[in-house]
1. Extending each Cα 7 Å along its Cβ direction at residue 50 and residue 164, get the distance between those two points in nm, one decimal.
2. How many nm separate the modelled label positions at residue 143 and residue 26, each set 7 Å beyond the Cα in the direction of the Cβ?
3. Can you tell me how the stretch 1-64 classifies by the Cα gyration tensor, rounded, prolate or oblate, using a/c under 1.5 as the rounded cut?
4. Label points 7 Å out from Cα along the Cβ direction at residue 188 and residue 91: separation in nm?
5. Take the alpha carbon atoms of the stretch 148-188, find their center, do the same for the stretch 1-46, and report the distance between the two centers in whole angstrom.
6. Evaluate E = 1/(1 + (r/R0)^6) for residue 64 and residue 128, where r is the Cβ-Cβ distance and R0 equals 22 Å; express this FRET efficiency to the nearest 0.05.
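Values in this text are rule-based calculations from the coordinates and carry no lab data. From a predicted model like this one, the values you see are computed outputs, not experimental measurements. Ideal geometry is used to build each Cβ from the backbone, glycine not excepted, and the neighbour counts take in all protein chains shown.
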Amino acid sequence: MLNGAHSTLAYVGLLRGSTSVADAMRDPELAAFVDAMIVRDIIPMLPPVHGLDIQDYRAAVLQRFRNPVIVHRLDQIAQDGSQKLPYRLGDTLIANRRAGRMPTHVVAALGAWTAFLIRRSRSGQPIVDPAGDRLAILASEGSAADIVTRLADEALGIPREVLEDAALMAALGHAATDAHDENWGPLFAG
C-alpha cells in the first residue's frame, strides 16, 4: 500500500510539477487519486492481517504523505522504477486481473511511469535506473502505447504477462497516452 502509492505520487507528481511527497499531496486531484487507488485497487487484493485495521493503516499512510516536515523528494522515489514497480504495482495489477477486475488507478500509475520515461528520454534527462540506458532507448521514439508494449515485452517495470491481456494492454496504452499528453481527466476519473 505505502510503496505503490509512493511510486504513484512520484511519477504523477513529477509530471504535474511537484517536487516532494507532501507537495504532491497538496494537489487535491492527485491526493484523491492516490487514496482511490489504495481503496479500489490495492486493499481488495490484500490478505487480512491479524491485528491490523487496514483503514487505520491507510489513514496513517496518507497522513505521513501529507506531513510537510518529511521532505521526501519525488525524484529520489522515481529512481529504479524498472526494479521497484513490478513489486509495488505490477503484483497488484496482475492480482486484480486474475480476480476479473480492471485496476484503473494502477493502470494510470503505470501509464504515468511510461510518460515519465518518455519525458526524460526525449528531453535528454537521465533515467536513474539500472536499466536506465535501455529505458531511454525504448522511450526515445514511438507512441506512448508502443512504448508500453516494448516495456512489457522486455519485462521492464511492466510484467510480461500483460501482453496476453488485450483489454489490459489497451488500457495501459490509453493511460500512457493520456499521461504523456497531460490529459489528467480520464486518468483521475478511474
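1. That separation, rounded to one decimal, is 3.5 nm.
2. Going by the 7 Å Cα→Cβ label model, 3.8 nm.
3. prolate
4. Here the modelled spin labels are 3.0 nm apart.
5. Answer, in whole Å: 18.
6. With a Förster radius of 22 Å, E is 0.40.
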